[in-house]
Structure formats: structure tokens, C-alpha cells
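Step one of this worksheet: look at the structure below.
The values are calculated or read from the model by the stated rules, or taken from the named source; none is laboratory data. The model shown is predicted, which means the values in this text are computed figures rather than measured ones. All Cβ positions, glycine included, derive from the backbone under ideal geometry; neighbour counts span all protein chains shown.
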């Protein structure tokens, strides 16, 4: 089992008076065996039980806590629980100030750890999103992109991006064929994108190629924490058509309204990262009720 790690997000804003400034606690695991050893511990088993009760404890009022991005106390919104449904602790728990959901806030804490935001070259595999617009205000060297844009869709997405406060033009990039120079980026963030890429190993190779030595990839994706092997839900045939191996799973998307999920990843995604050229890769679990983060998984790989 990997030792518990503390991550610090370095932003210019200071905590409010009396705040502790403690950042979310994360634990890094390099293999399924490492995680299984940790999962057997009473403390981690208790965390699982607590997570199942968060929705009931939150109710309609939200979860009081601390946003590590905004540096202030907030009440995180959990509309699923307010509606009497199963609590969605990954896709909700949004901060009323930055408006970012739990998985974005957990991932940003890992992506931006120790980076000089004034000079860092960072790429996100998205652009017309609240997450990109928030980071754009912090990091002048940020670049992003969308994929699959015809003229009409590009215009619509550009308007949406501007309404969020985004600056500049929407760019289109294919993550399996990026246009960045070798070793030109300090960090790459890919948030719930890789599962939609049929040839995801090609994307991982491109990420590794574009990162400078010591640079990091931080990504989120559907992750089966109990499985060594990834689950292939669909694949492309030689003629470009889609072969569905399981019932089609469609995720919401700002470009098309819905996009097919090809993969649910297991621990073998770490091996794929290492094979693509990353010297170190871990699945990182963040447990920090204070920040509204209840056992969220993020992959972190270093070039």
C-alpha cells in the first residue's frame, strides 16, 4: 500500500481569516494489490460506509465545507440528494462560487500541484467548459480544444464558450494526433474524455510525447476499482462502423449532446500509461469530506 500523500494547490488567493488552509488528502496506488490491501483496512471500510450516508446527511440544504480552489467556506450543492435520489458524489457537489463539480476539483488539486501558473504550459482536452474557463483565468499558458466540429457546431460552441466567460477561439484537436511539439507542455488534464477514444493507447502516446520530462498527465475516466482489466464496451470495425459489445452507454457532451462510451477502465490503464512512455503512473484516491470529496479516483502519470 502506498503511503498517504498530501497535495497542495498553489493559488494566489489566500484563505479567509481563521481558515486552516489544509488541502485534500490523497493516496496513490500503483496496482490493484496495493489498493486491495488498503481497502481491507477498517478506516477505508468506514469511509465507504460514510459515503453511502452523505446524501441522507446533506438533504436539501447541501454539504457545508471548504472549496480549496476558491479558498473559502461554501455549501456544496447535491441536487440528486435534494430530489430524494441516490447521491451523485462525483458529478455533483458543485461549489456555488467556482461552480466546479467534485471530480474537477479533485483533479485540479493534483494537476496544479506545485506548478507556476504564471509560466506553465498546460493543455486540457476540453475547452467549452466551466473547468477550462476557471483555469484560463489562473493560467495564461492554458490551451484547450474540442473535437468533431462542423461549421454549425463550432459556431454554437463558440457562443456557449463565450457565455461561460471563455476568452479566444475554440480550437479543434484530435487527441490521437496532437499538433504540439515534442516535450512542449508541463501538464495535461483530460477529464472524462479518454473513455470516448476508441484508440486510447494512441492518445496516451501523444500525451507522453508532448510532455516535458517531469511533466504530468492527470485524467479522470470511468474506473472499476475492483478490476484489473478494463471493460471494452464497444470498438470500431475496419470500415469505421461501431461494434457494440455491451448495451450502448451514452454520456452527455456539449458538442453532440451525447457521445458513445467505449471503455470502463481498470488497473491495467496504469500499464498502458507506462507502455506509452510514462515513467510512473498511479491511480490516486482523494478522501476529504471537508472539500466534499468522498473517495474520488484520478489517474496521475509522470513523464
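For this structure, a couple of remarks:
- Restricting the search to strands (runs of 3 or more DSSP E) fully inside region 241-303 and requiring at least 1 residues that are surrounded by 15 or more Cβ atoms within 10 Å (Cβ to Cβ) gives 280-288, 293-302.
- Some residue of region 205-227 being in a loop (DSSP other than H, G, I, E, B) and closer than 24 Å to residue 146 by Cβ: yes
- Region 40-79, residues that are part of a helix (DSSP H, G or I) and either buried (at least 17 other Cβ atoms within 10 Å of the Cβ) or in contact (Cβ under 8 Å) with a residue 40 or more places away in the chain (or both): 44, 47, 48, 50, 51, 54, 55, 58
- Of the residues making up region 177-189, those that are touching a residue at least 12 places away in the same chain (Cβ under 8 Å) and surrounded by fewer than 16 Cβ atoms within 10 Å (Cβ to Cβ) number 5.
- Selection status of residue 21, part of a loop (DSSP other than H, G, I, E, B), at pLDDT below 95 and more than 19 Å from residue 292 (Cβ to Cβ): no
- Of the residues 290, 285, 279, the single one that is out of contact with any helix residue (DSSP H, G or I) (no Cβ under 6 Å at 6 or more places or on another chain) and either under 21 Å from residue 206 (Cβ atoms) or without any contact (Cβ under 8 Å) to a residue 60 or more places away in the chain (or both) is 279.
- Just one residue in the set 169, 131 is in contact with a helix residue (DSSP H, G or I) (Cβ under 9 Å, 6 or more places away or on another chain), within 27 Å of residue 215 (Cα to Cα) and in a helix (DSSP H, G or I); that residue is 131.
- Restricting 138, 127, 143 to residues that are surrounded by fewer than 22 Cβ atoms within 10 Å (Cβ to Cβ) and touching a strand residue (DSSP E or B) at 6+ places or on another chain (Cβ under 6 Å) narrows the list to 143.
- Region 142-163 residues that are closer than 18 Å to residue 175 by Cβ, paired with ones that are in a helix (DSSP H, G or I) (beta carbon under 7 Å, 6 or more apart): 142/135; 142/136; 144/132; 146/157; 149/157
- Residue within region 199-219 that is closer than 28 Å to residue 89 by Cα and surrounded by fewer than 16 Cβ atoms within 10 Å (Cβ to Cβ) present: no
- Close contacts from region 214-230, counting a first residue that is under 15 Å from residue 282 (Cα atoms) and a second that is modelled with pLDDT under 95 and assigned to a loop (DSSP other than H, G, I, E, B), with Cβ to Cβ under 8 Å and a gap of 6+ residues or different chains, come to none at all.
- Residue check for residue 149: surrounded by 15 or more Cβ atoms within 10 Å (Cβ to Cβ) and more than 24 Å from residue 105 (Cα to Cα): yes
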